[in-house]
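No lab work stands behind these numbers, since they all come straight from the coordinates. This is a predicted model, so every value here is computed, not measured. Cβ placement follows ideal geometry from the backbone for every residue including glycine, while neighbour counts extend to all protein chains displayed.
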């Protein structure tokens, strides 16, 4: 009787995850907990980190098979693997974004490319370590584009096995930009430069706003077919917003659809953070290279703005250069806050939004060129 | 001279060439887009679209 009882208990125990939990699982559960902690207590990108952290924790509890073929998280990941989710995120971003600041001052657009030197510094350093192929180095470099969906898109094309590390690095550093960027910005600028007040920009007409998505979609898709799905959806979302006629569609893309896709994306990314894939030497390297990419991008953006000032009669505040790294609108907000500390009446946010929005195109263009050159 | 499409070599040199081409082309393409945006105000000569009319048109 007792033997039977114990036998049944043992059989039950075998079915639970307790029998197969590893030290790696426990470490990853702590990592997931840390992401949740950062979201809850520090308010760092809670929309992203909560879902990623939660699904990281759950996916590392063995036994549930949530991430195995047939499991719920497995299907969420199919949206990433088939590269459906990143373009849908871009649709929502387009429907949410006012490109007016970029259209009204196109001269600052070049900062959206200048602030991407970090991508290339990371590519070269990744190759220098001898641990990564050129495709893997390209995927790591795109972390410096500070654009989550673009990082996922490029990684899925170049090095899908590195998705968990790259997605987590990209989203975590985007969340930590208020800590990462200011020291670099202060180091490279003087107090006088940070205090420069910029001239008000011109208003943008409805006709210009409506023409913008059509023209940009044609140009970028013509020149960079590899990133056509992303830019097409970004511009479709923006067109829905700017025509004013289909408010319901624009609102759905910007709110309800965006929320559904965000939940699916965060669950999918978190579910890839399995201990055996994540706890490796390469992960440490990728996290380090990602940070260098962010620092390098911030620095090159500021330096780009300072170089522009050599030629401009009307000087620009070099802090806006740092916003060219993308990560809309976090980087623009960081530039604004740093400028505000020097002069409480200097509202830089709208000026920084121009390069910030250009940074989205800068990342897309860099990513498109990487895909075209590496995968052709 | 016949030019043939080449693949980026999986070497340190390849990474440097890839980075230089990508950075240079990014600057050129972004600058090209900014030039097009510079002429956007000319669109306003075609006429004006009223926000109120658009909102009330559906």
Calculate, axis by axis, the spread of Cα positions in the protein assembly as shown along the three principal axes, and write the results as whole Å, longest axis first.
-> 93, 56, 56
First measure r as the distance between the Cβ atoms of residue A:131 and residue A:260, then evaluate 1/(1 + (r/R0)^6) with R0 = 41 Å and state the FRET efficiency to the nearest 0.05.
-> 0.65
Would you please give the FRET efficiency between residue B:42 and residue A:251, computed as 1/(1 + (r/R0)^6) with r the Cβ-Cβ distance and R0 = 35 Å, to the nearest 0.05?
-> 0.65
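Compute for region A:152-212: radius of gyration divided by Kirkwood radius, i.e. Rg/Rh, restricted to C-alpha atoms, rounded to two decimals. Mind showing how you got there, number by number?
Details: Rg = 19.2 Å, Rh = 15.9 Å.
Dividing the radius of gyration by the Kirkwood radius yields 1.21.
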Among A:269, A:197, A:243, rank each residue by its count of other Cβ atoms within 10 Å, from fewest to most, as a rough exposure measure.
-> A:197, A:243, A:269
P(r) for region A:137-251: what percent of alpha-carbon pairs falls in each 5 Å bin, starting at zero?
-> 2, 10, 13, 12, 14, 16, 17, 13, 4, 0
Taking the simple approach of a point 7 Å from Cα along Cα-to-Cβ for both residue A:40 and residue B:13, what is their distance in nm?
-> 5.5 nm
Shape descriptors of chain B over alpha-carbon atoms, Rg and Dmax in angstrom, are 21.8, 61
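Determine the calculated [θ] at 222 nm for the protein assembly as shown from helices alone, applying -39500 (n - 2.57) to every DSSP H run no shorter than 4 residues and normalising by the residue count; nearest 500 deg cm²/dmol. Show your work: numbers first, answer last.
Details: 24 runs with 303 residues, N = 434.
Calculated from helices alone, the mean residue ellipticity at 222 nm is -22000 deg cm²/dmol.
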Residues in region A:56-72 reached by a label modelled at residue A:23 [backbone nitrogen below 19 Å; 7 Å Cα→Cβ] = A:60-62
Could you tell me the largest-minus-smallest coordinate of the C-alpha atoms of region A:1-63 on each of the three principal axes, in descending order and whole angstroms?
-> 56, 18, 15
Which distance in nm do the two modelled labels at residue B:6 and residue B:31 give, with both placed 7 Å along the Cα-to-Cβ direction?
-> 2.4 nm
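For the pair residue A:202 and residue A:337, what calculated FRET efficiency results from E = 1/(1 + (r/R0)^6), where r is the Cβ-Cβ distance and R0 = 25 Å, to the nearest 0.05?
On the way: r = 25 Å, r/R0 = 1.01.
The computed FRET efficiency comes out at 0.50.
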Residue A:15-residue A:161 pseudo-label distance in nm [points 7 Å out on the Cα-to-Cβ vector] | 3.6 nm
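In what sequence do A:210, A:140 fall when counting other Cβ within 10 Å, fewest first?
Numbers: A:210 17, A:140 33.
Taking fewest neighbouring Cβ atoms as first place, the list is A:210, A:140.
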